[in-house]
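Here is the structure we will look at, set down as structure tokens.
The values are calculated or read from the model by the stated rules, or taken from the named source; none is laboratory data. Please read these numbers as outputs of a predicted model, since none were measured by experiment. Here Cβ is always computed from backbone atoms with ideal geometry, including for glycine, and neighbour counts include all displayed protein chains. When the accessible area is computed, the model is the full protein with side chains, heavy atoms only, and any ligands, DNA or RNA have been set aside. Shrake-Rupley method; radii C 1.70, N 1.55, O 1.52, S 1.80 Å.
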Amino acid sequence: MAAVKAITQETFDQVVRENIEDFEMEEMEAVNDAVEQFTSQGVSLTMIIKAAKKDGHKVIKLVEELKSISGEDLSDSDNECLKSVLNLLTTQFKNDLANRYQAAKIANAHKIVFEICQVHKENKEIFPICLATFASLIDGQPDLISTDGIDFLLTHLQVADDEEITALFLRIIRFSCTKHESNRVHLVKSNGIEHIMLSAERFKGSISVVREACGALRCLTMDDDVRVQFGKAHEHTKLVVMEHSGLERLFQLARTHEQHATVSSEVCLTMGKLMVRNEFCQQLVDLGGLDLILSITEIHIDKQNVVRQCVTLLKAISGNDDVKVAVVKAGGIDFLLKTLNNHKSNASICEACFAALTTLALRNPSHCDAIMSKNAALLMKEAMLEHSDHPGVQKQACMAVRNLVARTRHHTKAFIDHGVEGLIRRAREEHKKVLEDESKAALRDLEVDVELKERWRGENIGITS
């Protein structure tokens, strides 16, 4: 893979300035020409502010203005000015990652904003505005916060008595731990998991706090820092469940917000990330997780994001063979096929339903019989037709077909009669790189013609007994 070429903001601004001064271009034309020049040379402009500089980029000028009015003893007019600049910066940071990146690189915006947060932590007007600015600045830039910054967040999170400020603390924690393993490790060592859980429980009636707390917990379960060879996602997940009673506490939050679609979706997604061991799956079922999933889905049957997360959670807990049996007994098959039928126009839900059916059918012929008795072949065919251009749907469909016939060959007829073989072959041609192996496995177990390549054959050359 070729290395990505990069330039500085100064270099880009110089080319734009030359276009204006030497070639008498209009500002927008000069910027577009510079973008075209660098793009044609393979230069990445992701972190470059693509605008004419004149007397300075707006975001840099705002940071410089902020620095000049960031003192501790401010007049009323200075207070208003400070709040205005912070709000303007928040807008600039949210608009573009390039603004955030250059503000930190050129003007040390992260140090200035964080210092203002520390100075004005007792000011109920300025503090939340400053936290919002800092959150928007470090979004996608977790390196901008140090372990001292995380300690500051956790210290004040413990005593926060304001819903808005608590949600902002949790959002900053989420951004600081996304794709940053050392920040996650430090947070966990500093008892961050418990502080996050306690905040959600202290403001359990707050949608924004519970949602942000769930997002912060999910960050701890990720291995998404490419700079680290082996992360501690699994260890962190075990800590959430085993040392902080995470499943029980999240389950109670889900019950509290069962009627609210966004929070239900967030909590289900978070509990799904915790299903990394058999006993965790069983624990959620023992708490009443199956009833919760079915109840939330029934309440929000028209909310596609909620339905998808419920199906994904059902699939996650079905990784446990005992739970899989309980899911089927509780009506899980009817639930999945009904969901597939009601939302067949939604690719993400179809993909999630196929994945769940794949799991339920794995190594369990009686479940395969139960699924196929509900006219599953026709429903699967219709969903595959609807989303023929979606590789994820086609891949999961192939895996589901394979599991449904691998140990129950008599079900191959239903799929053949509904033309599923042709759909698999078409998907294989159109998405060969994505589902080559899955499509071949499905065709093989449907017992139809398929070319199986022998990747390697061992030869006895040079081997002596």
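Within the stretch 236-270, work out how many residues are of a type in the set (A, V, I, L, M) and either open to solvent by 10 Å² or more (accessible area, probe 1.4 Å) or in contact with a Lys or Arg (Cβ under 7 Å, 6 or more places away or on another chain) (or both). Explain how you work it out, then say what you get.
In the first step, residues of the stretch 236-270 are kept if they are of a type in the set (A, V, I, L, M); the result is 239-242, 247, 250, 253-254, 261, 263, 267, 269.
Then drop every residue that is not either open to solvent by 10 Å² or more (accessible area, probe 1.4 Å) or in contact with a Lys or Arg (Cβ under 7 Å, 6 or more places away or on another chain) (or both), which leaves 239, 242, 253, 261, 263, 269.
The qualifying residues number 6.
Consider residue 70 carefully, then state whether it is part of a loop (DSSP other than H, G, I, E, B) and over 17 Å from residue 153 (Cβ atoms).
Yes: the conditions hold for residue 70.
Just one of the numbered conditions (1) at pLDDT 95 or above; (2) assigned to a helix (DSSP H, G or I) is not true of residue 388; which one?
(2)
If you scan the stretch 309-322, which residues turn out to be touching a helix residue (DSSP H, G or I) at 6+ places or on another chain (Cβ under 6 Å), part of a helix (DSSP H, G or I) and either at pLDDT below 95 or among the polar types (S, T, N, Q) (or both)?
Matches in the stretch 309-322: 309, 312.
Please go through the stretch 381-411 and give me each residue that is among the hydrophobic types (A, V, I, L, M, F, W, C) and more than 14 Å from residue 427 (Cα to Cα), ordered by number. Steps first, answer last, please.
Keep residues of the stretch 381-411 that are among the hydrophobic types (A, V, I, L, M, F, W, C), which gives 383-385, 393, 397-401, 404-406.
Of everything in the stretch 381-411, those that are among the hydrophobic types (A, V, I, L, M, F, W, C) and more than 14 Å from residue 427 (Cα to Cα) turn out to be 400, 404, 405, 406.
Sort through 124, 105, 111, 94 and tell me the only one that's part of a loop (DSSP other than H, G, I, E, B), open to solvent by 50 Å² or more (accessible area, probe 1.4 Å) and not β-branched (Val, Ile, Thr).
124
Just to be sure before I move on: is residue 193 under 16 Å from residue 216 (Cβ atoms), open to solvent by less than 40 Å² (accessible area, probe 1.4 Å) and either touching a strand residue (DSSP E or B) at 6+ places or on another chain (Cβ under 7 Å) or modelled with pLDDT of 95 or more (or both) in the structure I sent?
yes
For the stretch 1-13, what are the residues that are in a loop (DSSP other than H, G, I, E, B), of a type in the set (A, V, I, L, M, F, W, C) and open to solvent by less than 100 Å² (accessible area, probe 1.4 Å)?
Result: 2, 3, 6, 7.
Residue-by-condition table, conditions (1) open to solvent by 20 Å² or more (accessible area, probe 1.4 Å); (2) more than 21 Å from residue 313 (Cα to Cα):
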residue	(1), (2)
353	no, no
368	no, no
379	yes, yes
387	no, yes
390	yes, yes
406	yes, yes
413	yes, yes
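For (1) open to solvent by 30 Å² or more (accessible area, probe 1.4 Å); (2) hydroxyl-bearing (Ser, Thr, Tyr); (3) over 34 Å from the mean Cα position of the chain (by Cα), each residue gets a yes or a no:
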| residue | (1), (2), (3) |
| --- | --- |
| 15 | no, no, yes |
| 26 | yes, no, yes |
| 29 | yes, no, yes |
| 41 | yes, no, no |
| 48 | no, no, no |
| 53 | yes, no, yes |
| 67 | yes, no, yes |
| 75 | yes, yes, yes |
| 80 | yes, no, yes |
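Quick check, is residue 382 without any contact (Cβ under 8 Å) to a residue 40 or more places away in the chain, part of a helix (DSSP H, G or I) and charged (D, E, K, R)?
Taking the combined requirement at face value, the residue satisfies it.
Could you list, in sequence order, the residues of the stretch 271-311 that are closer than 22 Å to residue 235 by Cα, surrounded by 20 or more Cβ atoms within 10 Å (Cβ to Cβ) and of a type in the set (S, T, N, Q)?
283 - this is the single residue of the stretch 271-311 that is closer than 22 Å to residue 235 by Cα, surrounded by 20 or more Cβ atoms within 10 Å (Cβ to Cβ) and of a type in the set (S, T, N, Q).
Can you tell me which residues in the stretch 145-155 are open to solvent by 40 Å² or more (accessible area, probe 1.4 Å) and assigned to a helix (DSSP H, G or I)?
Residues satisfying the conditions are 147, 148, 151, 155.
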